[in-house]
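One structure is given below, encoded as structure tokens.
The values are calculated or read from the model by the stated rules, or taken from the named source; none is laboratory data. None of these values were measured; they are calculated from a predicted model. Because the Cβ atoms are built from the backbone with ideal geometry, glycine has one as well, and the counts that use them run over all protein chains shown.
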Amino acid sequence: MSTIVFLPDQATAVMPKRSYLNNEHGLMSWLLTQDHKRIGVLYLITITFFFLIGGTFAGLIRLELLTPQPDLVASDSCGAGNAGRCAFRSRQLARRSGRRTKPSCH
């Protein structure tokens, strides 16, 4: 014997007015929540963000290891205050390896 199941009409289906996504509004309601569903969404966003950062750094290290000379990352890595020295260092390394570089914007 078979059972017939009647499903609601999808054209007239209505979303619930309150869900875990729109229960409260604002950034602090998301950051200070105790709702396990919101915590899961925040966890997935955080994991994705740091996965992309880690992948970027892994790609930079692989690019660095393509050649024996330190091209991208050196032991005296450049900070924000050393941008001019950084440009000079990269041109100096390129000359040492015999590669031609574009002239700096003078």
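Search the stretch 19-32 for residues that are on the phi < 0 side of the Ramachandran plot and pair each with any residue that is part of a loop (DSSP other than H, G, I, E, B) and of a type outside the set (A, V, I, L, M, F, W, C) when their beta-carbon atoms are under 7 Å apart and the residues are at least 6 apart or on different chains.
TYR20/ASP35
Kindly provide the set of residues from the stretch 41-57 that are farther than 15 Å from LEU21 by Cα and not aliphatic (A, V, I, L, M), ordered by number.
Passing the criteria: THR46, THR48, PHE49, PHE50, PHE51, GLY54, GLY55, THR56, PHE57.
So which helices (runs of 4 or more DSSP H) stay within the stretch 26-106 end to end and still have 3 or more residues that are modelled with pLDDT of 70 or more?
27-31, 36-64
Looking only at the stretch 1-35, which residues are of a type outside the set (A, V, I, L, M, F, W, C) and surrounded by 10 or more Cβ atoms within 10 Å (Cβ to Cβ)?
Scanning the stretch 1-35 gives TYR20, ASN22, ASN23, GLU24, SER29, THR33, ASP35.
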